[in-house]
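The values are calculated or read from the model by the stated rules, or taken from the named source; none is laboratory data. Everything quoted here is computed from the prediction, not taken from an experiment. Don't worry about glycine lacking a Cβ; one is built from the backbone with ideal geometry, like all the others, and counts go over all protein chains shown. What goes into the accessible areas is simple: the full protein's heavy atoms, side chains included, and nothing from ligands, DNA or RNA. Shrake-Rupley method; radii C 1.70, N 1.55, O 1.52, S 1.80 Å.
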There are 2 protein chains.
Amino acid sequence: MSQFSTIARHSGISAWKQIADQISRSISSGEFDDTGMVPPEMVLAEKFGVNRHTVRSAIASLAEEGLLKRVQGRGTLIEKRERLIFPITRRTRFSEGLGKQGAEMSTRLISYEELEATQDIADALALPPGARILRLRTVGSADGQPVSTATSHFDKARFPRMAELVGRHHSVTKAFAAQGVDDYVRVSTEVTGRTAAVEEEAYLKLSPGSVVLVALSVNADLEGRRIQYSRSVFAADKISLKLDTASV
Amino acid sequence: MSQFSTIARHSGISAWKQIADQISRSISSGEFDDTGMVPPEMVLAEKFGVNRHTVRSAIASLAEEGLLKRVQGRGTLIEKRERLIFPITRRTRFSEGLGKQGAEMSTRLISYEELEATQDIADALALPPGARILRLRTVGSADGQPVSTATSHFDKARFPRMAELVGRHHSVTKAFAAQGVDDYVRVSTEVTGRTAAVEEEAYLKLSPGSVVLVALSVNADLEGRRIQYSRSVFAADKISLKLDTASV
DNA sequence: TCTATTTGTCTATATAACTAGACATATCCC
DNA sequence: GGGATATGTCTAGTTATATAGACAAATAGA
């Protein structure tokens, strides 16, 4: 941490939350790797210029999340978790990328609806505005832990059974295969970040104010026809995206 | 937005801040594009289940940021800003990618230091641990607006004048060219997200609690030798990263 | 075993955030 | 012009957050 890590008062974020975020960042950057522990509460309190109780609130929230473990008389131990790496390549599939890191992947269908293509959907799928679209909401899990939630759009005329098939196979790739698309490629991916919406917090089991990565992506079949337009939301503290530029 | 109380109490994030975030998200997703205005304060207050004054605090903070403009008797107007798109390709350069969108780019050297390579730096640059490293802190701006801040690492033996040259040319690409590297390519990019550190808030002129994208990247010369290892931090509400895999 | 260190718990007080209501003032539309 | 709608401002009371201090209880090391 830097010499005088300050707390912004009246910023809409309580002091303990800001301190929790800073401790979390310090842990991620390996600042306490030598001891495997967070400094004593009194030391942190002085460093941040706050009361010890405020530091305790911060530590309590991180302990609740499982990032820290407090032992009376001893100190506060770090239970470090590495982020899963989600590779984004021309051949990106949710099930494969993380699966190679030993995680058991599955996609659960939450809901679906039918709608008319708005301008952005029509552009992405190269369809006329107003075309019938199937929108699926899914949650992707690695080893039972939800790591992403996606809203995906498909041309209803071409993939009328998408919802049913994703629900049955727990995989978009398999649902495509069952509808005659044996292979497909990622065309583009645009990534940004923001705080999670309440709905996303629920699906991804995040605490309020958690940061998420938002990826807008387009897939196409091997003839170049657009088949899927998705907005995927990843829990930023569980996932990092690896962008493959091997030969772009 | 959904009907239920979408504000998490006692979460460390004040009600007005959560409401500001939600309004901001709704604007980004185009929810108010038909009117170009935010709903009246009383409507929002009822929707979020809070007092009108709390909504006013949220709107005040967004107005301060320039995202909203309030007109008495009329309503609250949206001053929409699109995110700049930062393309990530094999030939990614800070100056070029955004420049194509009509922005005037520059890189300002903030500070530099010399250090011994830690394990992660040594791995990224394919150097032995303990090798002498030059670390540069820079801020990248588009049209005078800071959009990213980077901490970059170079092999001091090969690029001893890196700090001086970046400071003079306001460009890493030009600094490389002045040291015999006419062309280079992006080897890898890994992206995650978190809230900004105090230092980053200062450099990027962000409000406390802002979300940033963090990109860890490695560049290599055309012989494949690693020449740069950077951690770049982007203001997520100003920038999105785009990976084009149309022909990887 | 004794002491220093560190987390756990309690009470009390001050400050900030939120609620509640009233009324002023600017804009739009009939 | 006048009514309806919307933001602007003020006062007061309540609830949540942060500060302050004291002491208990568990751990580690001399």
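Once both labels are positioned 7 Å from their Cα atoms along Cα-to-Cβ, the gap between residue A:168 and residue A:143 label points is 3.2 nm. Sorted from nearest, the other copies put their residue A:36 label points 6.1 nm away, the label point being 7 Å from Cα in the direction of Cβ. Each Lys and Arg contributes +1 and each Asp and Glu -1, all at the Cβ; summed about the Cα centre of chain A, the dipole is approximately 220 debye.
Rounded to the nearest 20, the Cβ-based charge dipole of segment A:173-231 about its Cα centre (Lys and Arg +1, Asp and Glu -1) stands at 80 debye. You can think of it this way: the chain between residue B:114 and residue B:101 has 1.2 nm of extra reach, that is 0.36 nm per residue less the Cα-Cα gap. Comparing the full protein assembly with the isolated chain (1.4 Å probe, heavy atoms, ligands and nucleic acids excluded), the residues of segment A:189-204 losing at least 50 square angstrom of accessible area are A:190, A:191, A:192, A:195, A:198. Using the 1.4 Å probe convention, the accessible area of segment B:10-160 works out to 51 Å² per residue with neighbouring protein chains retained.
Each principal axis of the Cα cloud of segment B:84-243 was taken in turn, and the coordinate range along them, longest first, works out to 39, 30, 29 Å.
In plain terms, the chain from residue A:158 to residue A:223 could stretch by 22.0 nm, reckoned as 0.36 nm per residue minus the Cα-Cα distance. Placing a label point 7 Å from Cα along the Cα-to-Cβ direction at residue B:115 gives distances to the equivalent points in the other copies of 4.6 nm, listed shortest first.
Here the protein assembly as shown has an Rg and Dmax of 23.3, 67 Å, counting Cα atoms alone. For segment A:15-78, the average shadow cast by the Cα convex hull is 3.8 nm², which is a quarter of the hull's surface. Once the mean of 1/r is taken over each pair of separate Cα atoms and inverted, segment B:1-148 shows a Kirkwood hydrodynamic radius of 19.2 Å. With a 1.4 angstrom probe, the accessible area lost at the B-A interface totals about 3900 Å². Think of the axis that spins chain B onto A; the B residue whose C-beta lies nearest it, and the distance in whole Å, is B:193, 2. Note that segment B:159-242 carries a Kirkwood radius of 14.4 Å, evaluated over its alpha carbons pair by pair.
With a threshold of 25 Å on the Cα-Cα distance, the over-threshold entries among B:69/B:238; A:80/B:205; A:238/B:69; A:205/A:242; A:242/B:17; A:69/B:17 are A:80/B:205; A:238/B:69; A:242/B:17; A:69/B:17.
Taken over the C-alpha atoms, segment B:76-153 has Rg and Dmax values of 16.6, 58 angstrom. Local charge for residue B:78 was computed over the other residues whose Cβ lies under 9 Å away, with Lys and Arg +1 and Asp and Glu -1, and equals 0. Between the residues A:160, A:219, A:62, the greatest Cα displacement towards the positive end of the dipole of chain A, with unit charges on the Cβ of Lys, Arg, Asp and Glu, is found for A:62. The accessible surface of segment B:133-248, taken with every protein chain in place and a 1.4 Å probe, is 48 percent carbon and sulfur.
Could you tell me how far the Cα centroid of segment B:213-244 sits from the Cα centroid of segment B:88-155, in Å? Distance between centres, Cα-based: 8 Å. Here segment A:15-78 exposes an accessible surface that is 47 percent carbon and sulfur, computed with a 1.4 Å probe and the other protein chains kept in place.
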